[in-house]
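In what follows, a single structure is set out as structure tokens and then discussed.
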Amino acid sequence: MRLLLLLAVLFTTQNSLAAQVSIIIDDIGYRQTDEAVLALPSDITLSVLPHTPLGEKLAAIAHDKGHEIMLHLPMQALNGKEMGPGGLTNQMSEQALKQAVNDAFKSVPYARGVNNHMGSLLTQLEGPMIWLMESLKQQDNYFVDSMTTRYSKASAAANKLGIPLLRRQLFLDNDVSPQALERQFNQLIQLANREGQLIVIAHPYPETISFLKANLPRLSEEGITLVNASRLLTYRIAQKEPAASDKAHLR
């Protein structure tokens, strides 16, 4: 009995020390090709845009297949790009913003967390971020700051309200050429081994899906465990700026 207990403790300790990566695929809900994400392992987290033609259906199917579901909440960007339905803007009152958040949740079943879609303008504003986190507190959700600007105040607001928080550390597919995907994946492996835990954001591009299918087995070969985003909340990732190569990617 003592030997079994010792082995169990050793196994748990080894697993807790292993590098862990969460890959979030967001921007899901508009394209028929987005269904390809359902062929990825269930440890891939899927973040779904609200009020989209396929969002509710894909969230339900993915949940049944074991994926963790997030709400990919549109927020106003500095470049003025169209956000799509359900977007949060700096012109909204507190009541209007919180209603938009609640409506977005209703359109994406099983969402356990939220990350921002675009938002390089809105995430810099303390007031709207506090209102957002107050809404998430009512929903008992966590927040992943996509870090579309280095000046984001979303993380500070989440910490202030006690919202479980993670921050994106790497974008995988700003460039979907094979060479660029390979370069970013190698960086993923290096950062995961160095930091211990890593949050990565990617998108449902056909090139990305094909690359992940072919290359995800490399993670276990490197001693890295792929986990859903909420698993990393246990470890409260040390908050750091995103990699230098990602800093200029404002959305």
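Considering segment 224-251 alone, what residues qualify as being assigned to a loop (DSSP other than H, G, I, E, B), modelled with pLDDT under 95 and over 18 Å from Gln190 (Cβ atoms)? Across segment 224-251, the qualifying residues are Arg236, Gln239, Ala248, His249, Leu250, Arg251. Between Lys137, Lys98, Lys81, the distinction of being in a loop (DSSP other than H, G, I, E, B), more than 30 Å from Pro41 (Cβ to Cβ) and basic (Lys, Arg) belongs to Lys81 only.
Screening segment 165-223 for helices (runs of 4 or more DSSP H) wholly inside it with 1 or more residues that are without any contact (Cβ under 8 Å) to a residue 12 or more places away in the chain and open to solvent by less than 20 Å² (accessible area, probe 1.4 Å) returns the ranges 178-195.
When Gln99, Gln139, Gln124 are checked against the criterion of being at pLDDT below 95, assigned by the TED database to the domain that holds Asp64 and either more than 18 Å from the chain's Cα centre (by Cα) or not aromatic (Phe, Trp, Tyr) (or both), a single residue qualifies: Gln139. Asn116 falls short of the stated requirement of being more than 23 Å from Ile199 (Cβ to Cβ) and either surrounded by fewer than 17 Cβ atoms within 10 Å (Cβ to Cβ) or touching a residue at least 40 places away in the same chain (Cβ under 8 Å) (or both). Scanning segment 73-112 for residues that are surrounded by fewer than 17 Cβ atoms within 10 Å (Cβ to Cβ) and basic (Lys, Arg), we see that the one that is farthest from Gln138 (Cα to Cα) is Lys81.
Of everything in segment 145-164 that is of a type in the set (A, V, I, L, M, F, W, C) and assigned to a helix (DSSP H, G or I), the residue that is surrounded by the most Cβ atoms within 10 Å (Cβ to Cβ) is Ala154.
The values are calculated or read from the model by the stated rules, or taken from the named source; none is laboratory data. On a predicted model such as this, the values are computed, not experimentally measured, just so you know. Here the Cβ is made from the backbone with ideal geometry for all residues, glycine too, and neighbour counts use every protein chain on show. Note: accessible area is taken over every heavy atom of the protein model, side chains too, but ligands, DNA and RNA are not part of it. Shrake-Rupley method; radii C 1.70, N 1.55, O 1.52, S 1.80 Å.
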